[in-house]
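Novice: My structure is below; once you've seen it, I'll send some questions.
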Amino acid sequence: MKYTLWAFVGVTILTLLIDYLLFRLVIQKRQKQSAHFSFPFGAFWHFGMTAVFILSFAILYFLIPLASSSSVYVFFQWMMTVYLLIYIPKTFYYLSYKIIGRFHKVLDKFSEDGKIKKMNDGRYPTISRKKFLSQVGIVVASAPFISLLFGVIKGRFSFAKKYTKLSFPNLPNSFEGLKIVQISDLHLGSLNSNYREMEEAVELINAEHPDIICFTGDLVNNFYEETIGWEKVFSKLKAPLGKFSILGNHDYGDYSKWPSSEAKANNLKGIKEAHGRLGFKLLNNQSSLIDINGESIAIAGVENWGHPPFPRYGNLELASLGTEKAPFKMLLSHDPDHWDAEVTTESDFDLTLAGHTHGMQLGFEYKGFQWSPAKYKFKRWSGLYKEGQQYLYVNRGLGYLGMPARVGMPPEITIIELTKGPIGNDPM
Ligand SMILES: [Fe+2]
């Protein structure tokens, strides 16, 4: 709750600041042309939208913890989209106006612009500095507007496959070429009955003919009801050696106030059962052995283990029981912070699969270089990491949360092929 309050206060301050700065800009531009656009009437019209957004965020701040279904989340995410579609371009407009304006003034000092103006006898159209800056500002602001709009309309369902080949000396011979598909963070409530789009993802996964499918948590936003209807989609996933899953921080119903502890426990029970209905074997601080020709590897799954404010229910010791004799071990752990905190220091899992970061649903990548604001929050936020003889792969998620958009950070289907050999990786 404390973090939500800080987020609300932060958004309020930012919104007021952006609108105040733009108001000052508009006043400067118009004060001579339009008398009615002055304080207090101009301010009233200008800040009308600000007031609507801040009031709506305030209502949602109190409403979300009391919500008993994910429809409030869906409303919140669409309101957030409208907000971002307006306020991100506004910020870009202001910054470009100020930065280019300053640059323009510096150029004026050193140019012969004054002389050129004197020579212009009116046959050529001229443009004032303010009009020029305003037009440039509109062009600059349209770039994030179009990107975000594209992320909402197309980006959130433009599934991307990411291939990695990993070699381990201790992989049993029978598992040579084992193909693992990882998906993560479905957040079914956010998908809001977009069954057809997710069926396309299921087809893309099945086309890879995986041996194992792993789902690394956050099946829902908060409520068991979000899972209803999705069995017809995800039960079509095919993997002959098994489909395994774990819980993520959103699967415990921790983001709501419940009328009783019993109601919360029933919600969690329903979510756990839904994993089975969707065709997954839920590894809740548990492990399982996968056998081929008398040889076996182990796969373990921990409950969510995160740093505050994220819950910590994971028990690595418990999850590891039964994996001791397996020559090769995999771990599913929703939060990648767990890898540095416990997995690399207290266990010998060869490969850990995580999700959680979503790549903040925003960023870009080019020829192996990738950037996202997520990198400032999470030490391991996307892709492959190695520490000693252990690997971690962080999937950016297949669904979305908060903003129903993915900008430069498409929903991910990870395909990992295992091979026997000196430890190493190959992007395939
Ligand atoms: Fe998530």
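Novice: Run the numbers for Ile86 and Lys238: contour at 0.36 nm per residue of separation, minus the present Cα-Cα distance, in nm. Mind dumping the intermediate values first?
Specialist: On the way: separation 152, 0.36 × 152 = 54.72 nm, distance 4.26 nm.
Result: 50.5 nm gained on full extension.
Novice: Could you compute the net charge surrounding Ser372? Neighbours are other residues with a C-beta less than 10 Å from the C-beta of Ser372; K and R count +1, D and E count -1.
Specialist: Working: positive: Lys375, Lys377, Arg396; negative: Glu365.
Combined, the nearby Lys, Arg, Asp and Glu give +2.
Novice: Ranked by Cβ crowding within 10 angstrom, fewest neighbours first, how are Ser288, Ser96 ordered?
Specialist: Result, fewest neighbours first: Ser288, Ser96.
Novice: While we're here: Can you spot the lysines whose alpha carbon is less than 24 Å from Lys90's alpha carbon? Ignore those fewer than 8 places along the same chain.
Specialist: Lys29, Lys32, Lys98, Lys105, Lys130, Lys131, Lys154
Novice: Counting only other residues whose beta carbon sits under 12 Å from that of Phe157, what net charge do I get with K and R as +1, D and E as -1?
Specialist: Local net charge: +1.
Novice: Another question about this same structure. Which of Lys162/Lys386; Lys329/Lys386; Lys269/Lys329; Lys272/Lys325; Lys238/Lys281 have a Cα-Cα distance over 19 Å?
Specialist: Lys269/Lys329; Lys272/Lys325
Novice: Given R₀ = 41 Å, FRET efficiency for Ile127-Met79 by Cβ-Cβ distance, to 0.05?
Specialist: Working: r = 38 Å, r/R0 = 0.92.
It comes to 0.60.
Novice: I need the trypsin sites (Lys or Arg not before Pro) found in region 290-351, filtered to DSSP loop residues with at most 16 other beta carbons within 10 Å of theirs.
Specialist: Answer by residue number: Lys325.
Novice: Another one. Taking region 296-396, which GluC sites (Glu not before Pro) meet the DSSP loop condition and have no more than 11 other C-beta atoms within 10 Å?
Specialist: Glu324
Novice: Under a straight-distance cross-link criterion of Cα-Cα below 17 Å, which aspartates and glutamates are reachable from Lys236, leaving out those fewer than 8 residues away in the same chain?
Specialist: By straight Cα distance, Lys236 reaches Glu197, Glu199, Glu200, Glu203, Glu208, Asp211.
Novice: Please find, in a Gaussian network model of the chain (springs between Cα atoms separated by less than 10 Å), the residue of Ile86, Ile292, Ile205 whose mean-square fluctuation is greatest.
Specialist: Taking springs between Cα atoms under 10 Å, the residue moving most is Ile292.
Novice: Quick one: Karplus J couplings for region 351-357, per residue in order, coefficients 6.51, -1.76, 1.60, θ = phi - 60°, nearest Hz, x for Gly and Pro?
Specialist: With coefficients 6.51, -1.76 and 1.60, one gets 9, 10, 10, 9, x, 6, 6 Hz.
Novice: Still on this structure: Please identify, among Gly397, Gly276, Gly294, the residue showing maximal mean-square fluctuation in a Gaussian network model of the chain using a 10 angstrom Cα cutoff.
Specialist: Comparing Gly397, Gly276, Gly294 in a Gaussian network model of the chain, the most mobile one is Gly294.
Novice: Compute the length gained on full extension between Thr12 and Lys377: take 0.36 nm times their separation in residues and subtract their Cα-Cα distance, giving the result in nm to one decimal.
Specialist: Roughly 129.2 nm would be gained on extension.
Novice: Taking the Cβ of Gly359 as the centre, find all other residues whose Cβ is under 13 Å away and add up their charges (Lys, Arg: +1; Asp, Glu: -1). Mind dumping the intermediate values first?
Specialist: Working: positive: Arg156, Lys162, Lys375, Lys377, Arg380, Arg396, Arg406; negative: Asp185, Glu365, Glu412.
Residues near Gly359 contribute +4 overall.
Novice: Here's something else I'd like to know. Give the aspartates and glutamates whose C-alpha is closer than 15 Å to that of Lys377, dropping any in the same chain fewer than 8 places away, or say none.
Specialist: Correct list for Lys377: Asp335, Asp337, Asp340.
Novice: Fully extended, how many nm does the chain gain between Asn206 and Ala263 (0.36 nm per residue separation, minus their Cα-Cα distance)? Write out the running numbers ahead of the final one.
Specialist: On the way: separation 57, 0.36 × 57 = 20.52 nm, distance 3.67 nm.
Additional length available on full extension: 16.9 nm.
Any read-out appearing in this document is the output of simple, stated calculations on the displayed coordinates, not a laboratory observation. Computed from a predicted structure; not experimentally measured. Neighbour counts are summed over all protein chains in view; Cβ atoms, including those assigned to glycine, are modelled from backbone coordinates with ideal geometry.
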